[in-house]
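> Please find one structure pasted underneath; my questions will follow.
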Amino acid sequence: MKRLSSLFLILNRKSLIISLLAVASTWLSLRFNIVADFPLTLISTAVVFPIVFSIGHAYKRRENALDDYGTIKAHGRAIFFAARDWLPDQSPARLRHAERVLKELLVSCRDMFKSPLSEMPEYEKRVYAAFSSLSLFVKRMREDGLASGECSRCNQYISKMVVSFESIKHIYQYRTPRTLRAFSDFFIVVLPLLYGPYFAHEAAAYAPALMYVMPVLFALILVGLDNIQDHLEDPFDQIGEDDVAINAEKFVDLLSCGGEEVPKAA
């Protein structure tokens, strides 16, 4: 069932419309005997190459977002460990406070990246309020006896988290080149229509039941590649299966793992 849902993300209403246009163009070309042997290099130049370039760029953006998300989680966990292990006294209240601040930070990031760009300023304030709370938490640990060098290290962790957030924010704000996308979208619609005479020319070598297979496959391939690029374009919208999912609840649940003392080797 999951594989079927993935297929429908690639083959959608747009695929059906472009396929029907390609079939209609082929039928009209056969009906009026309009045939031509067009070069297929035009397809790769006008559509396939730009789309594949956009897919590669969008996938790289997604991987960069994952790296920065991992950096935020790793340094957040390091601050939690500092609150748990670097101070002489054990304070459950301090740990619960750290969990609340880190959860608020990740939840704010998730809400911001899933929201429309028009709502970004409001959510951005929440994110920086969470960073401010995290900074105050480190200051409180200094007052509780954390060494100045270790406190400075925790502040460096926060600095790296802010840098990673800013990098993810830019991925969220900006897309792959819009003019390149518009160029590809135009030719995805136009080429199946213009290549009707070519499909009619090639249909002479096929059985009557197969003469419309090529225009349909032609349309499905082009639109499928475009849909893949479209789903990778925004790695946070939670529409495609390759999106970046920020699971704040799971992160907080796993914070306390690993706190048991490791037995010494015999």
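> Can you list the lysines whose alpha carbon is less than 25 Å from that of Lys114, not counting same-chain residues fewer than 8 positions off?
Excluding near neighbours in sequence, the set is Lys2, Lys14, Lys60, Lys73, Lys103, Lys125, Lys160, Lys169, Lys250.
> Quick one: what are the phi-derived ³J(HN,Hα) couplings along the range 167-173, Karplus 6.51/-1.76/1.60 with θ = phi - 60°, whole Hz, x for glycine and proline?
5, 5, 4, 5, 5, 5, 6
> Whole angstrom only: what separates the Cα centroid of the range 95-152 from the Cα centroid of the range 10-38?
If we compute the Cα centre of each part, the gap is 55 Å.
> Return the calculated 222 nm mean residue ellipticity for the chain, to the nearest 500 deg cm²/dmol, obtained by summing -39500 (n - 2.57) across DSSP H runs with n ≥ 4 and dividing by the residue count.
About -24500 deg cm²/dmol.
> All other residues with a Cβ under 11 Å from the Cβ of Arg181 taken together, and with Lys, Arg as +1 and Asp, Glu as -1, what is their net charge?
-2
> If I ignore ligands, DNA and RNA and count only protein heavy atoms, how much of Phe8 is accessible to a 1.4 Å probe, in Å² to the nearest 10?
My reading of the accessible area for Phe8 is about 130 Å².
> Separate question: Test of understanding: in a Gaussian network model of the chain with alpha carbons linked when under 10 Å, which of Thr71, Thr26, Thr41 would top the mean-square fluctuation ranking?
Thr41
> What part of the accessible area of the chain, given as a whole %, is carbon or sulfur when the probe is 1.4 angstrom?
62
> D for the range 1-118, whole µm²/s, Stokes-Einstein with Kirkwood Rh over alpha-carbon pairs at 4 °C and 1.567 mPa s: what number?
64
> When the dipole is taken about the Cα centre of the chain, and only Lys, Arg (+1) and Asp, Glu (-1) are charged at their Cβ, what size is it in debye, to the nearest 20?
Roughly 260 debye for the chain.
> How would the chain be classified by its alpha-carbon gyration tensor: rounded, prolate or oblate, with rounded meaning a/c under 1.5 and the a/b versus b/c comparison settling the rest?
Prolate.
> Can you give me the orientation-averaged projected area of the convex hull built on the Cα atoms of the range 94-163, in nm²?
Projected area, direction-averaged: 4.7 nm².
> Still on this structure, I have one more. So what does Met214 come to for accessible area, using a 1.4 Å probe and Å² rounded to 10?
Surface accessible to solvent at Met214 totals approximately 60 Å².
> With a probe of 1.4 Å, find how much accessible area the chain has per residue, and write the answer as a whole number in Å².
Normalised by residue count, the accessible surface of the chain is 56 Å².
The values are calculated or read from the model by the stated rules, or taken from the named source; none is laboratory data. Predicted, not measured: the structure shown is a model, and the values here were computed from it. Please note: Cβ atoms are built from the backbone with ideal geometry, for glycine as well, and neighbour counts cover all protein chains shown. What goes into the accessible areas is simple: the full protein's heavy atoms, side chains included, and nothing from ligands, DNA or RNA. Shrake-Rupley method; radii C 1.70, N 1.55, O 1.52, S 1.80 Å.
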